[in-house]
Amino acid sequence: MHTPTASQLLQVWERGAERSAAASCLWLLGISCDECQPEVLAKLPLGQRDRLLLRLRAQLFGTQMQTVAWCPQCQAMVEAAFDCGDLLAVQEISEAMPLLELASDDRSSVVRFRLPDSTDLLALEGCKDALQAREMLLKRCVVEIESRPSGNGQGTPFPIELQAQIALAMAAADPQADVQLAFTCPDCSHRWEPMFDIAHFLWQELHAWALRTLRDVDLLARVYHWSEADILALSPRRRQAYLEQCVS
Ligand SMILES: [Zn+2]
């Protein structure tokens with residue numbers, strides 16, 4: 001994996017205004033991972049995608065991550081710092097992940113399914129209803145339903161209980177896709193564990209970085225009359241040195 005150039009990052013950011021964080025991060029991985037074709041990246045289980053995004057985040061902005069959250073109990077703002085390495089799940093799933101299997105409680109059917117990937121996230125983007133989205137996701141991920149002759153085999157193919165069990169089995173099989181942060185409120189000592197979405201987090205960081213970079217380009221272009229391409233081609237250190245000249 002190589003680090004994208006400032007110019008490539010700005011292109012991703014610019015086009016990202018019309019895309020979701022999941023779509024933009026997939027594109028970002030596409031220009032960073034020489035070893036993987038875009039269609040292979042899109043089909044990686046989300047935990048593997050997130051592992052790559054954490055690596056890329058460390059390359060772009062360092063390993064330390066700062067985030068804020070609001071205490072659900074007293075609404076105080078809580079700041080927390082994490083290391084990319086702390087967010088890596090111990091268990092790394094293999095590239096050729098076998099299908100998962102789950103039997104319904106009455107043993108009337110066996111469901112075989114794969115783990116969700118980026119193509120699923122993109123397909124579900126328009127769906128605002130969480131329950132409907134879960135059902136759509138299952139329809140996409142379930143590869144086979146084997147009904148036993150002894151079972152009644154009636155009713156909906158994905159009863160709510162089975163949907164919940166499949167979701168749990170997916171999370172257990174791909175823990176990297178289900179990372180939770182640990183927060184403790186300094187005011188009321190309440191503890192909670194919100195989900196951490198590296199795609200969303202990295203996209204927000206990239207947005208802030210792009211605005212800062214364009215502001216720097218604007219200043220340097222005004223003072224030195226260089227082109228945007230020339231300014232972006234400067235190393236961050238050299239660019240910073242020129243910026244300091246401008247304000248001194
Ligand atoms: Zn609190």
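Quick look at the numbers
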{"quantity": "Unmet criterion (only one of (1) hydrophobic (A, V, I, L, M, F, W, C); (2) in a helix (DSSP H, G or I); (3) over 16 Å from the mean Cα position of the chain (by Cα)) for MET1", "calculated": "(2)"}
{"quantity": "Residue satisfying all of: in segment 29-87; within 16 Å of the ligand (Cβ to nearest atom) and out of contact with any strand residue (DSSP E or B) (no Cβ under 9 Å at 6 or more places or on another chain); nearest to PHE201 (Cα to Cα) among these", "calculated": "GLN75"}
{"quantity": "Yes/no for CYS25 being touching a residue at least 12 places away in the same chain (Cβ under 8 Å) and hydrophobic (A, V, I, L, M, F, W, C)", "calculated": "yes"}
{"quantity": "Tally, over segment 174-192, of residues that are in a loop (DSSP other than H, G, I, E, B) and crowded, with 18+ Cβ neighbours inside 10 Å", "calculated": "3"}
{"quantity": "Positions within segment 81-97 being small (Gly, Ala, Ser) and modelled with pLDDT of 85 or more, in sequence order", "calculated": "ALA81, GLY85"}
{"quantity": "Looking only at segment 205-232, and only at residues there that are under 28 Å from the mean Cα position of the chain (by Cα) and touching a residue at least 60 places away in the same chain (Cβ under 8 Å), the one that is most open to solvent (accessible area, probe 1.4 Å)", "calculated": "HIS207"}
{"quantity": "Residue in segment 149-165 that is open to solvent by less than 40 Å² (accessible area, probe 1.4 Å) and not in a helix (DSSP H, G or I) present", "calculated": "yes"}
{"quantity": "Some residue of segment 196-215 being within 16 Å of the ligand (Cβ to nearest atom), in a loop (DSSP other than H, G, I, E, B) and within 20 Å of LEU87 (Cβ to Cβ)", "calculated": "no"}
{"quantity": "Filtered residues of segment 102-139 (kept if acidic (Asp, Glu), touching a residue at least 40 places away in the same chain (Cβ under 8 Å) and surrounded by 15 or more Cβ atoms within 10 Å (Cβ to Cβ))", "calculated": "ASP117"}
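The values are calculated or read from the model by the stated rules, or taken from the named source; none is laboratory data. Keep in mind that this is a model prediction, so the values were computed, not measured. Cβ sites come from the backbone with ideal geometry, for glycine too, and all protein chains shown count toward neighbours. These area figures cover heavy atoms from the full protein model, side chains too; ligands, DNA and RNA do not enter into them. Shrake-Rupley method; radii C 1.70, N 1.55, O 1.52, S 1.80 Å.
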